[in-house]
Structures are given as C-alpha cells and as structure tokens.
Amino acid sequence: MRGWLAKGADPNARDGAGRAILFHKAEYCLVGEVRALIEAGADVNVGLDQYHEYSWERGVTPLMAAASAWQLDGAHIHAARQEETVRLLIEAGADVNARSEMGRTALKAATGFIHPARAYLDRFSRPIQPLQNDHITEMLRAAGAVE
C-alpha cells in the first residue's frame, strides 16, 4: 500500500462501483493499510455513493464498515484488528454519528444492525455469526456516538 501511495496513487481512489479504497481496507480491518491511507490524506468520512446488492447501502462510511458486528464470512476479523481500525478512524476524525441513507450509524453497526447482506446470507442458508463487540460500542460512545 505504501509503495502504491509513494508512486502518487490517490488515497481517495474508488473502484468501478464507487467504493473508496479506504472503505475496502476498513471493512476487513487491514490496520496497516488503513493507517497508510489515513496518513496519505484519505477522507475518513467518505460514504458509498451507490447501493450494492447483497452488501451495503449508500452513505455507509469506513467507520461503519469497520465497526460492524455482522461479517459476511463469520468472525473473520480478529477483535484486536477491529478495535485498532476503529480507533484509527476515530482519531483521524471519522464522524461517529454519520448516518447512511437507511439510518445506519457506526454504533448501530457495532450492536448488530443487519444490513442487506442478510438477504444474501439467508439465500444460501449461511448463519450470521455476531462478533462480541462490546469494546467497539464502548469506544464509539466514548467518542460521542449516540443512538
């Protein structure tokens, strides 16, 4: 990531579907890459600008994705990586009270608010495995998040 950014890549680049690279890295709690993007000036409050079937709605931020208690393939995120990613985003100025078009907030995501991926999971009879996110909700509330 740092090499890519050192060559002049835009830290706010988006893929063909309009998803910012920071969103992708935050969703999977890739701490080093999230840190590199923030240091390079990535917008920590960037929201998705399109609805993604079986995924997220417009306006979901990297903080909401990182804080999410419901992961598509179960508990694939180690709690320490998730906590560090959330902390980095908050310290970089992520709006803890931002709302998506459907009213999602980081706090709702952390407490198990189910996004449209539920339809995909139900379709394939895959159980949704919640993470234990009490530490994430505490971090968000300490940063001023309200329900």
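At a glance:
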| read-out | value |
| --- | --- |
| Residue 79 versus residue 9: modelled label distance in nm, points set 7 Å from Cα along the beta carbon direction | 3.2 |
| Theoretical FRET efficiency, 1/(1+(r/R0)^6), r = Cβ-Cβ of residue 97 and residue 142, R0 22 Å, to 0.05 | 0.95 |
| Burial order of peptide ranges 9-18, 37-46, 92-101 (average beta-carbon count within 10 Å, highest first) | 37-46, 92-101, 9-18 |
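Here, each number is a calculation from the coordinates, and none is a lab measurement. Worth saying up front: this structure is predicted, and the values here are computed from it rather than measured. Note that each Cβ is placed from the backbone with ideal geometry, even for glycine, and that neighbours are counted across all protein chains shown.
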